[in-house]
Amino acid sequence: MPRVKDILAVKGSQVHMVDASTTVLGATQQMNQHKIGAVIVTEGDGEARVAGIFTERDVLRRVVAEQRDPAQTRIGEVMTRDVICVPPEADLDEVASLMKHRRIRHLPVCERHGRLLGMISIGDVNALYSTAQEAQIHFLNDYIYGRV
C-alpha cells in the first residue's frame, strides 16, 4: 500500500510558509510565483508554529466574496485555522478518502510532535495513483502479449 511518505520521497519536503501578518496580496503573489495552491501560515517568534493554512478557496470565500482589500487584509484574518495534518505513515487510500469527504485539496504532513515534514495535494495523490496504474497496465500487457 502506498503511503504519504512515498509522495514526499518523490516530491520533497519543501513547504512554502507565510507569517500571519502577511497581506493576502503578498501571499497570493508568492503562491502564483511558485505555482502552488496553498501556503502554511505561521505565528510566533523564534520557533514558528503552524497557525493555519491559506488556500485558493480562502481567497475566493473570505477575500473576494467578502470584498476585502487584498493589500490591507492580513492572512491571519482569513486563513483556515482548523488544520488537518496527516502523518507520513498514513495510508494513501485513507488520505484520499479524507480529502474527498472533507473537500480538502492540501494536507500538511506532520510527525507526532507536530513538526512539519511537508505538504501533499490531491494532485500529488492522483499522480502517484496514475503512475502505479501505468506500471500495472504495462506489466499486464507484457504478461498477456509477451515482451516484444
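The values are calculated or read from the model by the stated rules, or taken from the named source; none is laboratory data. What you see is a predicted model, and the numbers here were worked out from it, not measured in a lab. Every residue, glycine among them, receives a Cβ derived from its backbone with ideal geometry; neighbour counts consider all protein chains shown. We work out accessible area using only protein heavy atoms, side chains counted, and drop any ligands, DNA or RNA first. Shrake-Rupley method; radii C 1.70, N 1.55, O 1.52, S 1.80 Å.
Go through segment 93-104 and report how many residues are in contact with a helix residue (DSSP H, G or I) (Cβ under 9 Å, 6 or more places away or on another chain) and either open to solvent by 100 Å² or more (accessible area, probe 1.4 Å) or in a strand (DSSP E or B) (or both).
Number of matching residues: 2.
What's the number of the only condition in (1) closer than 20 Å to V109 by Cβ; (2) at pLDDT below 95; (3) open to solvent by 30 Å² or more (accessible area, probe 1.4 Å) that T42 fails to meet?
Every condition holds for T42 apart from (3).
Name, by its number, the condition in (1) open to solvent by 50 Å² or more (accessible area, probe 1.4 Å); (2) within 28 Å of Q30 (Cβ to Cβ) that does not hold for A132.
Evaluating A132 over (1) open to solvent by 50 Å² or more (accessible area, probe 1.4 Å); (2) within 28 Å of Q30 (Cβ to Cβ) leaves (2) as the failure.
Against the condition assigned to a helix (DSSP H, G or I) and out of contact with any strand residue (DSSP E or B) (no Cβ under 7 Å at 6 or more places or on another chain), how does R62 come out, does it pass?
Considered against the rule, which asks whether it is assigned to a helix (DSSP H, G or I) and out of contact with any strand residue (DSSP E or B) (no Cβ under 7 Å at 6 or more places or on another chain), R62 comes out as yes.
Residue under question is I36, and the condition is that it be at negative phi, crowded, with 16+ Cβ neighbours inside 10 Å and part of a loop (DSSP other than H, G, I, E, B); does it hold?
In short, yes.
Go through segment 2-33 and give me each residue that's more than 14 Å from P108 (Cα to Cα), assigned to a helix (DSSP H, G or I) and of a type in the set (V, I, T).
Of everything in segment 2-33, those that are more than 14 Å from P108 (Cα to Cα), assigned to a helix (DSSP H, G or I) and of a type in the set (V, I, T) turn out to be V10, V24, T28.
For segment 110-126: of the residues being free of Cβ contacts under 8 Å to residues at least 60 places away in the same chain and under 16 Å from the mean Cα position of the chain (by Cα), which is surrounded by the fewest Cβ atoms within 10 Å (Cβ to Cβ)?
Once the filter is applied, the top-ranked residue is R115.
When segment 70-85 is examined, which residues are found to be among the β-branched types (V, I, T), within 24 Å of H113 (Cβ to Cβ) and at pLDDT 95 or above?
Hit for segment 70-85 is T80, nothing else.
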